[in-house]
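Peer 1: So that we are looking at the same thing, I have put the structure below in structure tokens.
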Amino acid sequence: MEFLNNMKIKKTLFFEILYQNFLLVYFLQLLVQDGKKMFYEKKILQALLLIKLKLKLNPFLIFFEILEKTKPSLDIKFKKKVHKASKTLTPIPMYLNQYQQYKKILR
């Protein structure tokens, strides 16, 4: 792991690799909370390179395969029913579209 920390990777390479697909960009935006975007970019790139070196597979395919296997397809919404003396919440299952599924998974 030390050889990955000592690697000098140009910033343009970050943009070429990380910003090709919107899910990695969204994942990066969720990680960055205290303004250290370059640090998190480097860590994500190191993790992807480590997957490539150890498993000799495409790390993007592994990332998306994990997302596909863990994404939810249903969500539960609650609807209030108010009667004269009581209030009840009834759960209603709702299907999620593809954007909502990925958004829920990355939260």
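The values are calculated or read from the model by the stated rules, or taken from the named source; none is laboratory data. None of the values given here were measured: they were computed from a predicted structure. Please note: Cβ atoms are built from the backbone with ideal geometry, for glycine as well, and neighbour counts cover all protein chains shown.
Peer 1: Which condition number in (1) modelled with pLDDT of 85 or more; (2) loosely packed, with under 15 Cβ neighbours inside 10 Å; (3) part of a helix (DSSP H, G or I) is the one that Ile51 fails?
Peer 2: (2)
Peer 1: Please specify each residue of the range 19-45 satisfying the condition of being in a helix (DSSP H, G or I), within 15 Å of the chain's Cα centre (by Cα) and among the aromatic types (Phe, Trp, Tyr).
Peer 2: Passing the criteria: Phe22, Tyr26, Phe27, Tyr40.
Peer 1: Restricting to the range 81-107, what's the tally of residues that are outside any strand (DSSP E or B) and under 30 Å from Val25 (Cα atoms)?
Peer 2: Within the range 81-107, the subset outside any strand (DSSP E or B) is 83-86, 96-107.
Next cut, under 30 Å from Val25 (Cα atoms) only: 96-107.
Result for the range 81-107: 12.
Peer 1: Additional query: Of the residues that sit in the range 54-94 and are among the hydroxyl-bearing types (Ser, Thr, Tyr) and under 29 Å from Gln20 (Cβ atoms), which one is surrounded by the most Cβ atoms within 10 Å (Cβ to Cβ)?
Peer 2: Ser73
Peer 1: List pairs: first in the range 89-107 and in contact (Cβ under 8 Å) with a residue 60 or more places away in the chain, second aliphatic (A, V, I, L, M) and surrounded by fewer than 10 Cβ atoms within 10 Å (Cβ to Cβ), Cβ under 9 Å, 6+ apart or cross-chain?
Peer 2: Within 9 Å, no pair qualifies.
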